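The values are calculated or read from the model by the stated rules, or taken from the named source; none is laboratory data. Only a predicted model underlies this, so the values are computations on that prediction, with no experimental measurement involved. For neighbour counting, all protein chains shown are included, and Cβ atoms are generated from backbone atoms with ideal geometry for every residue, glycine included.
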Amino acid sequence: MDQTADTPDTPLVRMSGIVKRFGSTTVLDGIDLDVARGEVVTLIGPSGAGKSTLLRCINGLERIDEGSIEVGGDLLRYDESHLNDIRARIGMVFQAFNLFPHMTAAENIAVAQREVLGRSRGEALERSRQLLDRVGLAHKERAYPDNLSGGQQQRVAIARALAMDPALMLFDEPTSALDPELVGEVLQVMRDLAQEGMTMVAVTHEMRFAREAADRVVLLADGGIAEQGPPQQVLERPGSERGRSFLRELDQH
Ligand SMILES: Nc1ncnc2c1ncn2[C@@H]1O[C@H](COP(=O)(O)OP(=O)(O)O)[C@@H](O)[C@H]1O
Ligand SMILES: [Mg+2]
């Protein structure tokens with residue numbers, strides 16, 4: 001048996017013994033991590049710890065060297081049709097928004113719905129409008145990316161990911177390219193999503209978000225999970241020396 005039955009109690013993501021190397025460097029050295037349905041996990045850790053790599057392994061953008069990953073009970077394989085299937089179920093939001101500059105906000109959100117899900121133009125635009133409303137941008141349907149602030153563009157990017165009706169959302173430092181005054185509006189959308197029960201794994205330096213929205217904080221360091229638990233525990237009473245030194249470094253910024 002190489003997969004688990006997919007019941008409501010099965011973790012949505014199950015990573016077992018993940019090893020990821022780049023050349024002779026082992027970036028992830030045997031990671032075990034499950035994400036339950038509806039759980040919000042924030043991934044923190046020093047730069048270069050492998051946070052982005054771990055996220056990218058979950059949707060098959062990076063291929064693991066050892067171990068296994070299951071998404072919704074399906075063992076991740078690297079043939080194209082399976083990868084397409086997995087990626088359609090996982091939304092990803094990056095630091096860079098990468099919207100199409102020649103398309104309006106609504107059209108940006110509609111593209112993949114039409115190409116991947118086969119929705120009609122009318123259906124896709126209708127869903128785009130609902131999602132723009134959900135991220136607080138109903139009035140920006142016809143705006144082009146150049147005429148939107150960074151925070152607004154990132155909210156369009158989140159709506160674009162949600163348009164695929166994903167079972168899981170991955171965020172890789174979604175606010176780190178934004179001017180400080182625009183961070184709050186993006187975090188608010190993420191908090192709302194968390195509240196609505198979306199399963200999320202978010203790499204972030206926003207400890208306020210981790211404290212308020214995460215069910216669990218996972219500290220990645222030196223190729224492994226140095227510490228994990230409820231935010232209050234990991235962020236206020238870390239048990240490991242690695243955890244304490246990471247928090248001291250954060251405090252200095
Ligand atoms: N495609 C790649 N090729 C070679 N090395 C990489 C590649 N991607 C990441 N790395 C290396 O893996 C380590 C972890 O990177 P990354 O996952 O981006 O860390 P983080 O997101 O925690 O800052 C770093 O040392 C980085 O240089
Ligand atoms: Mg990174």
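Screening Phe100 with (1) within 16 Å of ligand 1 (Cβ to nearest atom); (2) modelled with pLDDT of 95 or more gives one miss only, at (1). With respect to being modelled with pLDDT under 95 and in the same structural domain as Leu54 (by TED's automatic domain parsing), Met207 fits the description.
One line per residue, one yes/no per condition, for (1) under 18 Å from the mean Cα position of the chain (by Cα); (2) among the acidic types (Asp, Glu):
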{"site": "Leu117", "(1), (2)": "no, no"}
{"site": "Arg121", "(1), (2)": "no, no"}
{"site": "Val135", "(1), (2)": "yes, no"}
{"site": "Glu141", "(1), (2)": "no, yes"}
{"site": "Met169", "(1), (2)": "yes, no"}
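From the list Ala177, Ala202, which one is out of contact with any His (no Cβ under 7 Å at 6 or more places or on another chain), in a strand (DSSP E or B) and within 16 Å of ligand 2 (Cβ to nearest atom)? The unique qualifying residue is Ala202.
Tell me which residues, restricted to the range 59-74, are more than 16 Å from ligand 2 (Cβ to nearest atom) and either free of Cβ contacts under 8 Å to residues at least 60 places away in the same chain or closer than 14 Å to Ile225 by Cα (or both).
Gly60, Arg63, Ile64, Asp65, Glu66, Gly67, Ile69, listed by residue number.
Take Arg56 and decide whether it is within 16 Å of ligand 1 (Cβ to nearest atom) and either within 21 Å of Gly229 (Cα to Cα) or surrounded by 15 or more Cβ atoms within 10 Å (Cβ to Cβ) (or both). Considered against the rule, which asks whether it is within 16 Å of ligand 1 (Cβ to nearest atom) and either within 21 Å of Gly229 (Cα to Cα) or surrounded by 15 or more Cβ atoms within 10 Å (Cβ to Cβ) (or both), Arg56 comes out as yes.
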